[in-house]
Amino acid sequence: MSKHSHIHPVLLGLLILGSYTPAAFSSDHPISIVNAVAYVTRQSVLIRAEVLAEDLTLFHPIDPDDMDIYSVDQLKWAMNQHKDFLTKKLIVRDADGEKIPAKFHNLEPFEFPGIGVPAGDLMKYPAYYELEYFFDEPPEFLTFEQNIIDDLTLLPSEVKLGVKQSGNETGQGFVLTPGSPETARFDWNQPPLSDEASDEEWLKLRTQQENDVLGITSYSSPYSFIYITPHEVRHEVLVPLAILARTFPIERQNISFLEVQEQDNARPHIEAFLKDNNPVKIDGVIVQPIFDRIDFYGLRLKDFAMQSERKRISMANGRVGVIMRYPAKTPPRTVSVVWDLFPPQIRKVEAVIVAPDKVEKFQFTKIKKLKSDEDNNLNEFVWHNSKDAEDFTIAKIPFDYQRKRYSFSVMTVTAGLLLIFSAVVLYLSRSSAKLQLGSLVIWILVGSLGWNFTIIKVDDPFEPQFSVSGEEADRIVSSLVTNVYRAFDYNDESEIYDAIAQSADGKLLKEIYLSVQKTRQMQQQGGALTEINRVEFLDGQKKKDADSNGFDYQCTWVVNGTVEHWGHIHERTNQFTADLTIEPVDKAWRIVRREIVDAQQSSKTELRRLDPKG
């Protein structure tokens, strides 16, 4: 990457104030074109604007004579009038959108010939106006705006503006048109690179700058991020307020600001507009969006997933973040997203597609179809699933042990004891053999008939107590802990709850469900729930056997999850150490007691990167 890759072409010859000449721009044009450089220091902005004499005739009431020649006196009068005109029309705003007062600094006047200037020669004569804007502290953001139009004729105009930061070799460049402000960002802590800096150093600087703003490097362009998941399609849109205002009316009292109540009033209109201009099909069926949020942001907020502060927003540099969800009953096979939001001067919108099989860029364009390819809609993205859907189930972890038990009939045992007792009594009383035989037959018959009644089962008192080995305990607990978190791969809340029930006893079920949901929740992301990517069982040890064939166990595990919005990924890692009691319930192992003894958390944020082949 060249070290001048950030520099607009206008800036290439203009990085030092006063170093340019009008020759580079001396061509006939039907509109007002001003070439300017803004030199930004820690205390002020100095804008040096090249104005051609033709502009004086466009915006001030002077006329040529019969020979189509403008007199020097008229031109000098208009030249001085143009000082106040530019002071009002060239606007610089701070990060909150407040206008910074402009002060006239200097004028390098036109050098008119004494005989006047023919109308056809007006573009040969430039003057240089300098305006200065002061502030109390080094700005992170400045928004530049121009309103160089005639209130009656509304002549179109362009300001080709190069922005140069003091002590920084790179610059920024914009083409300003009325109603289309542009914002520049400044870093006063980063030491400037030298002229001899390598391409690697420039690439590192650019990467750092992208990371600083979480990848949202333009403040005047729409952003589109489309996420395709097994449960939904999510379309996240970031649109500058100035663009929306050129697309449909946004009612407000102050043309420069949108108050909190006015933002609330605008939300239904934004929702209706995006709903109609961004149709989404899943497996060929149009799905209506669920609007998760429509938030208004100023320049200082970089993470648009954060809950925005309710305050008035500048129309010049404010932005609207919208999250639209399109639920899918089954994992999508095909997805179609159409983009029809093309206000004036916006002919293309870059989108990032995050799908299960790949991450790619797509460019929506205003041209819907090419004659050479009538079947290809250039404002439509179509995705086809290249992977087969995976069956997903969470099964119980069976408890297979069967303790040795003995079964007997109370009636049969009783009949046997009575038989022995009666036999002894009859023998000692010297009863007849016939009576003794009859008694024996009766008790044997009673014992036989009672064999299937009053059955009692008794554990073998001589069998050793059941005990799970340490290795088997490791396997059981690792599977139970992993299954608890895998349950959140389901989409429906009842399915999640039922899946956790396969691994936790009913008394503990609700507690575990709520605690895992709390672990997944990122409050700084507006309460967004993370996707659990990895559950790693670090170590564990069986402590002792417990009642009901169970055991006590202490273990440590790590849960890694991410939440992604607008192209940047927030990753959170939680590490837990807990004491658990595991027991068999309904012939399956379950956690029946859990006590967290230690919890640690770490997090990081990184940008979404495209696949190397993308």
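Since every read-out is calculated from the coordinates, none of them should be taken as a lab result. Everything numeric here is computed off the predicted structure, so don't read it as measured data. So basically every Cβ, Gly included, is an ideal-geometry build from the backbone, and we count neighbours across all protein chains shown.
Taking neighbour Cβ counts within 10 Å as the exposure measure, how do PHE59, PHE342, PHE421 sort from fewest upward?
Placing the least packed residue first, the sequence is PHE421, PHE342, PHE59.
Going down the table (LYS281/LYS311; LYS88/LYS204; LYS88/LYS164; LYS103/LYS348; LYS204/LYS387; LYS204/LYS604), which pairs top 30 Å between alpha carbons?
Among LYS281/LYS311; LYS88/LYS204; LYS88/LYS164; LYS103/LYS348; LYS204/LYS387; LYS204/LYS604, the Cα-Cα distance tops 30 Å for LYS281/LYS311; LYS88/LYS204; LYS103/LYS348; LYS204/LYS387.
Taking the Cα centroid of region 73-108 and of region 481-523, what is the distance between the two, rounded to the nearest whole Å?
Cα centres, region 73-108 to region 481-523: 63 Å.
Sorting HIS231, HIS570 on the 10 Å Cβ count, fewest up front, what's the list?
HIS231, HIS570
Would you mind computing, in nm to one decimal, how far apart the modelled labels at LYS99 and ASP84 are, each placed 7 Å from Cα along Cα→Cβ?
It is 1.5 nm.
Order of 108-116, 278-286 by packing, highest average Cβ count within 10 Å first?
Top to bottom by mean Cβ count within 10 Å: 278-286, 108-116.
Would you mind ranking SER157, SER71 so that the residue whose beta carbon has the fewest other beta carbons within 10 Å leads the list?
Least crowded to most crowded, the residues run SER71, SER157.
Please report the net charge: other residues with Cβ closer than 13 Å to the Cβ of PRO343, K and R +1, D and E -1.
Local net charge: +3.
Count neighbours as other Cβ atoms within 10 Å of each site's Cβ, and list the trypsin sites (Lys or Arg not before Pro) in region 489-597 that are DSSP loop with at most 12 such neighbours.
LYS587
Per residue of region 584-599, what does 6.51 cos²θ - 1.76 cosθ + 1.60 with θ = phi - 60° give for ³J(HN,Hα)? Whole Hz please, x for Gly and Pro, Karplus curve as stated.
These are the phi-based 3J(HN,Hα) values: x, 10, 6, 6, 9, 6, 9, 7, 10, 8, 9, 9, 6, 9, 7, 9 Hz.
How do the peptides 251-259, 122-130 rank, highest first, by the average count of neighbouring beta carbon atoms within 10 Å per residue?
Most protected by this proxy first, the peptides run 122-130, 251-259.
Calculate the spin-label point distance for GLU350 paired with GLN190, positioning each point 7 Å from the Cα along the beta-carbon direction, and give it in nanometres.
Each label point is offset 7 Å from its Cα along the Cβ direction, giving 1.6 nm.
Which residue, ASN277, PRO289, ASN265, has the largest displacement toward the positive end of the dipole of region 264-319 when charges sit on each Cβ (Lys, Arg +1; Asp, Glu -1)?
Positive-end residue among those listed: ASN265.
In a shell of Cβ-Cβ distance under 13 Å around THR177, excluding THR177 itself, what net charge do Lys and Arg (+1) and Asp and Glu (-1) give?
The answer is 0.
Under a point spin-label approximation (7 Å from Cα along Cα-to-Cβ), what is the VAL359-ASP598 distance to one decimal in nm?
About 3.3 nm, to one decimal.
Net charge near LEU509, counting Lys/Arg +1 and Asp/Glu -1 over other residues with Cβ under 10 Å of its Cβ?
0
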